[in-house]
Each structure stands twice: as structure tokens, then as C-alpha cells.
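Notes for the one structure printed next.
The values are calculated or read from the model by the stated rules, or taken from the named source; none is laboratory data. Small disclaimer: the values here were computed from a predicted structure and weren't measured. Glycine also receives a Cβ, built like all others from the backbone with ideal geometry; neighbour counts cover every protein chain displayed. All accessible areas refer to the heavy atoms of the entire protein, side chains included, with ligands and DNA or RNA removed. Shrake-Rupley method; radii C 1.70, N 1.55, O 1.52, S 1.80 Å.
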Protein chains: 2
Amino acid sequence: MKIAVMGHGVVGSGVVEVFYQHYENLKRKSGREMDIKYILDLRDFPESPYREKFIKDFSLIENDPEVTIVAEVMGGLHPAYDYVRACLEKGKSVVTSNKELVAAKGAELLRIAREHNVNFFFEASVGGGIPIIRPLHLCLAANEINEIAGILNGTTNFILTKMIRESMSFEDALKMAQELGYAERDPSADVEGQDACRKICILASLAFGRHVYPQEVHTEGITKITLEDVAYAGNWGGVIKLIGRARRLEDGGVSAMVSPGFIHFGSQLASVDDVFNGILVRGDATGDVVFYGKGAGKLPTASAVVADIVDAAKATGSSRSLCWEEGDGHTVCDWKETSSAFYFRLRGGCSEEALRRLFGPVKMLHRDGQPQDETAFVTGMLKEKDAAAAAEQLRASGCAVLGSIRVLDY
Amino acid sequence: MKIAVMGHGVVGSGVVEVFYQHYENLKRKSGREMDIKYILDLRDFPESPYREKFIKDFSLIENDPEVTIVAEVMGGLHPAYDYVRACLEKGKSVVTSNKELVAAKGAELLRIAREHNVNFFFEASVGGGIPIIRPLHLCLAANEINEIAGILNGTTNFILTKMIRESMSFEDALKMAQELGYAERDPSADVEGQDACRKICILASLAFGRHVYPQEVHTEGITKITLEDVAYAGNWGGVIKLIGRARRLEDGGVSAMVSPGFIHFGSQLASVDDVFNGILVRGDATGDVVFYGKGAGKLPTASAVVADIVDAAKATGSSRSLCWEEGDGHTVCDWKETSSAFYFRLRGGCSEEALRRLFGPVKMLHRDGQPQDETAFVTGMLKEKDAAAAAEQLRASGCAVLGSIRVLDY
């Protein structure tokens, strides 16, 4: 069995490294003779021990019938999508770590794979080296998955951990994450929540059977979180985490959102710190199951890609459980109609009595060094639109709303 | 595809319930028409909606060529072993939740399954509804697993949680566990650690490729843990958990043990409370991955059995990665030669200076209400035999060793 690896960046070079490091074991586990025939990259790698495998022309892979498994680790939507599609249409199985690709085109690529009796695997696209895709559709097959919630982005979790543990400002923590290589020079995909959004889309699509597209999912990042918010979360009894979440509603609909949330200290998600990820899956039979580990990084991600290669090598046809239908772009219900408890932080005089009139029952929060004109509280469950309307009224009455974060229950 | 379910106790009745509750989904996921043809139990269930499926004679299952998948949920070694073996030899796939069976006979039954090109699956035997067996051999296939450590028994974890959180005595907590149905009337298999031992044997066998038998694994339960020990663990900075663990040694050997251990508050295992289980897997590429969820209970365990049924229905031959070799009974190295840090609690005069002479550097611990003649401390890393010898010298010098617990690093 001949394999092509498309892309030789961080993950791609890791795939080659892990593959040859575990070569004998992998052959034993797959029961197949396997080797990497091509590595596709536009750059030159004259020092690589595998330099004779490098090519720059995708059509060599596409048109080589010997190549039956292709690992796409280039990232980005184009040309990854075009290449993956072409490979599947030629009857080659494809494995990928590309969350952008799966979140945008998963249903279509799974359908094409099925039509050609091959596989499209993407264990590495969510949670890096954490097993999550396969457990969701295989091990939890006898469950109805009702809810998924996760810390899906290591960069933002690192930043929040620094803010919580060391009272570092968002800006300083981001700078440190960049220096350590955890954040890109342009960190917006991480700190604005898009990366977490893509991942919750993939998990929700698989769990609920219909494609949830990123543009359907209301997404808020962590750029507005302050150390004052962190302090009030502590007083409330928890921490602030960026949570991607999706839920099956009673009417058959789906709710999905990415936003920061207060998470109680007692939650398994509260102790997921630094660059680690944690994913909670709520099944009707099994209850809450949580998966924890490194959500990114060269070797963890590469090892998930290579495990997919092994599984593709063993497979005798398309997976029947790794699939979902195309969505119509309206799978997710209107987020403003969903409910949550809320934390608010205000500046300006506002009596507890006035707050109760606007928000219903509230619980006041306190922090060290709290200015006299600062008020913080959590509400009970409110519809998003009602909470927004009440906040608007506060503003109209002269209060400045300094912070607003959802209070979650996982 | 016709299925037989052997045993109609807690898990067995759950299997039938989960199977019919998710019937349509399961057929879709497996791509097969499936039904339960027989339920084997010596008791009568005249009220069951499935009463016409009940049989008392195993040979009906054994000799019915229509039955291709058998779920063994009777528990115990006999007649489960004999039945499972007979089914595999007749070319039927078997799925089981029976940890005693897998820990004692796993290698043999996997071999027989392979010889008949069928499968022997046992996802439910460890961690109840937590996906762990399949993630270990499929998702982490491109890793060398170097270490596994887990809270593998919910009953003892419930008892320890009550002792830690509510300062309940061991006896009272055990009584409560029995009243809540978490512990058997004879709780010895749980509180003496044998249940955890069977589970770490299964995980170690799969991870290291050679059968680790329960009798090879030094096993200590939690019956000697006192509230004083719990208090000192808190002062040290952690909690006491019953940990089953196994490690690949540099010389190719394996160490394995079940015992209580001090676990640092920062560990993912420290926050696994009540009847929940948590399993940490350390891979060379992926780093630490942790799986968390309900380790027992009717529906979680049943859902894992049913997921195995679905996977057996989809399979076109034996799994190549779910396998290990027979052991010679000496796979595990001599536990007295392994090393650990230790906590000791003593009564009787013993200066810090004298302790240092016996144990090397020690860190003294304290608790509220500590009697003047009570001393508690943790050591650095020591060989088990050296720690035991030093403790013996303490006793010879007139000290009473009231408690001794390993200090673990997960």
C-alpha cells in the first residue's frame, strides 16, 4: 500500500516522522505492507532523509494508481479541498488534520468517499491527539448524543490559564503564547473563536447527523475578557473558559455556540488548563464522558493522522457510522432564542432592586479592590434576547456594561 | 444477523433495553438487519416483553448457525469461559463486559477468535461506558504506550471521596455505598483492589502486547486508609485515590501494581470523584490522554456492550490490532524492585534527623489535631524493598507504623 503525504509543515513532517518511527508496529497493526511514496510540498527539503520522495506536482499523486491512501496536512480550504476531492474521486482514501476543510466540506467529502467505497477520516481535526471522532461514532454508537461541550482551542486556554493563575493581562498572555509558539503572529482565528467554532461544527455534525456550518454558529472570542471578570468568576466559584458547545433540542433542532463561559470549579472542564483540550460528551445511556489531552502540537496531531492511515489501510469499505447529511445552512436554531444564565459587570449606580426588576433573581458578586461604582452579578436562566434587552435598558439608564459572560452548567 | 445475550442481570437486561431503544440507529450504523434471538438465563422472566426469547439451554445458542454474535454478560469465570470459548470455536463473534474473564483468559480467547476469523470484543470490561479499549488500539495506534494509570473502580472511589469531602470514616462510607447499591454485600473484590487489578491487567496486556495476569500484580486495597491519612494527603497537596497502574520499563519489562496513592491536586486524576472512573494513557507521541466517565452502572456498561455488537456486525474479519500474546506468568517484574516515593505515619518518638538517616530526605507533614507523638512525612524515590526495610527498622526502634501510602506522580 502506497501513501502520499500532502504538505510538509509542522504536522506533515510529524506524520513522516511518526510513521517511520512506528513502522514495524504499524504494519503489524494494519496487516499490510505500507510505505510513503510521495511527499507533496512546493518547498525544497534537500536535507531530508526522505528527499527522494518529495514532489511538487499534485497530478503525480492523483494519477498514480499505486497510491491508495493520501494524508492531507496542508491546511486551508484551497487547494486542499480540490486535491482531497480529486483523490476520493480516484478511489483513494484520504485522512486529514484540516478542521477548516472538514467543517466546510465534510458532508460532501464523506458522500464522495462513500460513492467510491473509500474512507475520509479526520481524527486529527479535533482535539489533536485526543481520540474523539472514533469514540463518538464507534464506542458511543449505542447512545443518543444529546450534548457536546469542549475546550477546543489550546491557545485561548493557555491565555485564560495565565490570566486566572498568574493574573496576567490578556495582552501579556497573548504575547507569551506567541513567544512560545502557541499562537500565530495573527492570532485572530484562535482568540476570536473561529478555530473552536470549526471544531464544534465537526463534532455537532457527527453527533447529530446533519452538517452544521461555521457561519451558522454564533461565535465570540476571549478578547473582551478582563482580569476583573476572572476575579468575579472566582468569587462565583469557578473559572472562565472558551467553550464550544452544541445541544440536541427537544423539537429535533440543534443549538450551537462558541463563547467564553463561567465553569464551576467542580466541572471536569474547569481543571483543563494550559494548552490542553477537554471535550465533554453527554450520551443518553453513558452519561457524561470526558476526553482530555493535548489538543495540538506536531507529534500528537501527527500520531492521530497516522492512526487514521492505519485504519484506512485495514478498511474493506467505507465506514457506515462516520457520516452525516448535508445541511441546509439552517440546522442551528436562532441563538437569540436560546437560554443561559449570565454574568454582568457594570459601572454606574444600579440598585440590586433595579437589577431584579430587569433580570429577575440575581446573585451579587464581589472582588478585592472592587470600586464603589462597580457592580457584578449573575442572573438565572434567561433568553439571550431578553438578557440583551435588559442590558440595553441598563445602558439607557446610564450604566456602562463592562462585561457580560454566559454562566454554563457542565 | 441474529444475536444471543447470555445473562439477564443488571447489565444483561440493560443490553436488551439499549438495543431496542436504539434499534433503528443501530441497524443504520451497522448496515445490517439485526435482532436478538435468544436471551439465556436460568431464571424465569414471565413479565418481560421479550419473554419468548428466553432460553435456559446454552446448546441452543451454540448449535444455532443463525446466531453470529453472542453477548456474554453473566460475569464470573465459569461457565462464562466455557460458553465463550464454545461460541468462538463455532465461528460466532463474542462481546463481553466480563473483566474477570478477559483478565484471566483474554490472550487465549483472542487467539481462538482469530483462528476462526471472528471477533472477541470487551470494551465494557474496563471503564463501563468510557471508551478506552478501542481508543487504545485504534486511535493511539501510532503511539508507543509507555504508561497507564487509572481510577478503575467506582465503589472505592466513592468511599474515598466521602472520606475526603465529608470526613466520613471508611466503615460509614462503605455502608453508604452498600445502601446506594454501589457496593456488594461482600465488598472485598472492590475494597481489596481485585476489581481494579483485573482492569489494569486488561489495559496492560493490550498496551504492552503480552498477557499480564492478575496474580502477577501486587494489589493493595483501601481498607487501611484512615481519615488521618486523608488529612495528611491534603497537607501534602493532594488526595488519596486507588490507582491501578502499569508501565513499560526501559529493559522491555513491565511493572504493574494496584494500591492507594497520593495524587497531587493538579493531576487530572485528582478531580475524578464519586463513582466516576478516570484513565490516564501516556503515549510517546500524544503525551497524556485522559478518559473520564461512569465506570459502571447498567446503562453505561450496556451501551458499551451494544456498541461492540454493532462493531462485530460490521466487521469482515478479526481485528488485527485488538490482540496480545499469551504471557508466561512472569511478564511483570518483581514489585519490590520498583521505586516510588512514600508517605509514612508513625506513633512514637522519632526525630527528623533519624528519619533522614533511614529514608534519605523527607518532608514533614502536619494536620489539625495532630497528637504530639504522631509523625507524618513523605520520602523521595525509594525502592519498595528499601522502604520496607527502613520501616522495619523504625518498628524495631519502637515506632508504630500507622500508615504507609505511595506518593504517585500522574
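Descriptive notes on the structure:
- Projected onto planes of every orientation and averaged, the convex hull of the alpha-carbon atoms in chain B covers 20.8 nm².
- For the set B:Ser339, A:Ser267, A:Ser397, solvent exposure ranked by accessible area (probe 1.4 Å, protein chains only) runs largest to smallest as A:Ser397, B:Ser339, A:Ser267.
- When each of the peptides A:34-45, A:3-14 is scored by how many other beta carbons lie within 10 Å of its residues on average, the order from highest to lowest is A:3-14, A:34-45.
- Report note on the peptides A:350-358, B:220-228, B:205-213: ranked by the mean count of other C-beta atoms within 10 Å, highest first, their order is B:205-213, B:220-228, A:350-358.
- Charge dipole of segment B:326-410 about the Cα centre (unit charges at C-beta), most positive-ward option of B:Trp335, B:Ala354, B:Phe377: B:Ala354
- B:Met74 accessible area, assembled protein chains, probe 1.4 Å, Å²: 70 Å²
- Apportionment of accessible area to carbon and sulfur, chain A, percent (1.4 Å): 48 percent
- Applying 1/(1 + (r/R0)^6) with r as the Cβ-Cβ distance of A:Asn117 and A:Asp274 and R0 = 41 angstrom yields a FRET efficiency of 0.45.
- Residues losing 50 Å² or more accessible surface upon assembly, segment A:117-149, compared with the chain by itself, 1.4 Å: A:Pro131, A:Leu138, A:Cys139, A:Ala141, A:Ala142
- Model label sites at A:Asp328 and A:Asp64, defined 7 Å from Cα along the beta-carbon direction, differ in position by 4.5 nm.
- Measuring with a 1.4 angstrom probe and ignoring ligands and nucleic acids, B:Asp409 comes out at about 130 Å² accessible.
- Length available on full extension from B:Glu392 to B:Tyr20: 0.36 nm per residue minus the Cα-Cα distance, which gives 128.0 nm.
- Interface size B-A, as summed buried accessible area [1.4 Å probe, Å², nearest 100]: 3800 Å²
- Chain A: calculated mean residue ellipticity at 222 nm from DSSP helix runs of at least 4, using -39500 (n - 2.57): -10500 deg cm²/dmol
- Accessible area in square angstrom per residue, segment B:30-124, 1.4 angstrom probe: 43 Å²
- Ordering of B:124-136, A:231-243 by packing is B:124-136, A:231-243, highest average first (other Cβ atoms within 10 Å, averaged per residue).
- Counts of other chain beta carbons within 10 angstrom of each beta carbon in peptide A:265-273 average 3.
- For the pair segment B:328-361 / segment A:112-182, the C-alpha centres are spaced 41 Å from each other.
- Each Lys or Arg adds one and each Asp or Glu subtracts one; over the other residues with Cβ under 12 Å from the Cβ of B:Val18, this totals -3.
- Inter-label distance for B:Arg356 and A:Ala400, nm, one decimal - labels placed 7 Å from Cα along Cα-to-Cβ: 5.7 nm
- Exposure rank, largest accessible area first [B:His78, B:His264, B:His137, B:His116; 1.4 Å]: B:His78, B:His264, B:His116, B:His137
- Hydrophobic long helices, here whole DSSP H runs in chain A with Kyte-Doolittle means of at least -0.5 and Cα atoms spread over 15 Å or more along the helix axis, are found at A:10-21, A:99-115, A:154-166, A:194-208, A:298-314.
- Hits among lysines - C-alpha to C-alpha of A:Lys385 under 18 Å, sequence gap 8 or more where chains match: A:Lys336
- Counting, for every residue in A:312-319, the Cβ atoms of other protein chains within 10 Å of its Cβ and taking the mean gives 2.
- Pairs spanning more than 23 Å between alpha-carbon atoms, out of B:Lys2/B:Lys314; A:Lys27/B:Lys99; A:Lys53/A:Lys99; B:Lys105/B:Lys383: A:Lys27/B:Lys99; A:Lys53/A:Lys99; B:Lys105/B:Lys383.
- In the context of the full set of protein chains, residues of segment A:187-275 present 32 Å² of accessible surface per residue (probe radius 1.4 Å, heavy atoms only).
- Take each residue in B:302-311, count the other chain C-beta atoms within 10 Å of its C-beta, and the mean is 5.
- Potential lengthening between B:Glu144 and B:Asp57 on full extension [0.36 nm per residue; Cα-Cα distance subtracted]: 26.9 nm
- The protein assembly as shown: projected area of the alpha-carbon convex hull, averaged over directions, in nm²: 37.5 nm²
- Taking all Cα-Cα distances within segment B:239-381, those exceeding 23 Å account for 60%.
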